Each structure stands twice: as C-alpha cells, then as structure tokens.
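The numbers here are math on the coordinates, done by the rules we state, and not lab data. This structure is a prediction, so every number in the text was calculated from the model and none was measured. Note that each Cβ is placed from the backbone with ideal geometry, even for glycine, and that neighbours are counted across all protein chains shown.
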C-alpha cells in the first residue's frame, strides 16, 4: 500500500506524516512518541488509547490515521504537566484513582470529555461516560470519586481561582465515613457498610 501524507496537530504541535492507509491513529501517535496513549486491546474494548479528536473522546485504535487529517488531537499529556497538572489529573492522583496507571490516560481523557459537556455529572452519568474504559485495579469507586472532585475543582476554579483540591475533596467527602485505611464505609446517604436495611 502506498503511504498517505497527512497533517494533524497533537497537543498543539503540528505533525506531517506519511502512513500506510490502514495505519491506526493509535499506531501513528505511539510512533510519534505519544506513549501516554496506551495500546491495550486494539479493538475498542478497553479505552486505554482514548484521545480527544476535535474535542470528542475516541478510541484511537478504531480510527484510521488518515481520518484525523487536519484534526486537533489532545492526549492526557496535553492536558497538563507534572509541575502544572490539569485539575482532572490532580484529582485522579490525590484520590487514589491511579493504581498501576495503564488505564489512567484513557480515564482522564474520558473524564475531560464528560466534564466539558456536563460540569456537574451525577454518579450514574459518570459511570456511563466511563463505561468504555476498563480498570482492573481500583474497582471504580476511587475513579468515580476523582471525577466528582475534578468537577468540583473545575467549578470552583471558574468561579474562584483561589480554590484548592483539599476543599474540593472535603466537599465531596461530606457525610462519608472512613475506616483506618481511609476506605469509604458509608455513602453519605445514611446507610452504613454491612447495613441490610
């Protein structure tokens, strides 16, 4: 197959590449050094390769690279840096939603897409938005909590630049009981762990 020349922008940087017509966006991004885009199932099941393609979260393993011609692509690393993390990245790190880290980039990208369209999602909306992302480490509770904290951080930063992660975490934890390992025992709805009523 004859290589096809395409141009796209990744995290604000323009790339001109020549790729086989059947090359996926995942392959192209990883070949360009964007290793935060993980290669998991390569068939659209795990979400580890999620990127924002013109603002829409897509599994890059299901997109042919030529379909991104002229597009703006944002990966997890394009959202923030270690020195200046995006509030979503900060929330994931500080709530323990990052375990082995393999799914984290895709989860953060899916969270960004969700919060861009819905700044105050319910737990059901969060779970639905992340349903295409698989995690084998956390059990999703910490991930859902991270999305709530990120949403609160983003709401506060848009209204008051002096807000902090500690305030957002405190607000989202209101009414929750924790054990000595800091695991949530109660949901804040008046029930307790092990309560069958």
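Rank these for me by crowding, 84, 9, 156, going from fewest to most other beta carbons within 10 Å.
On the way: 84 8, 9 15, 156 18.
Ordered from fewest to most neighbouring Cβ atoms within 10 Å, 84, 9, 156 come out as 84, 9, 156.
Can you list the residues of the stretch 72-94 with backbone N under 20 Å from a point 7 Å past the Cα of residue 13, pointing along Cα to Cβ?
From the stretch 72-94, the list is 72-86.
For the stretch 4-78, what relative contact order do you get, as a whole percent, if you take Cα pairs closer than 8 Å and at least 6 residues apart?
Taking the mean separation of contacting Cα pairs over the length of the stretch 4-78, I get 40 percent.
Hey, fewest Cβ within 10 Å first, where do 138, 122 land in order?
With the sparsest Cβ surroundings first, the list reads 122, 138.
Kindly put 58, 37 in sequence by how many other C-beta atoms sit within 10 Å of each C-beta, fewest to most.
Lowest count first: 58, 37.
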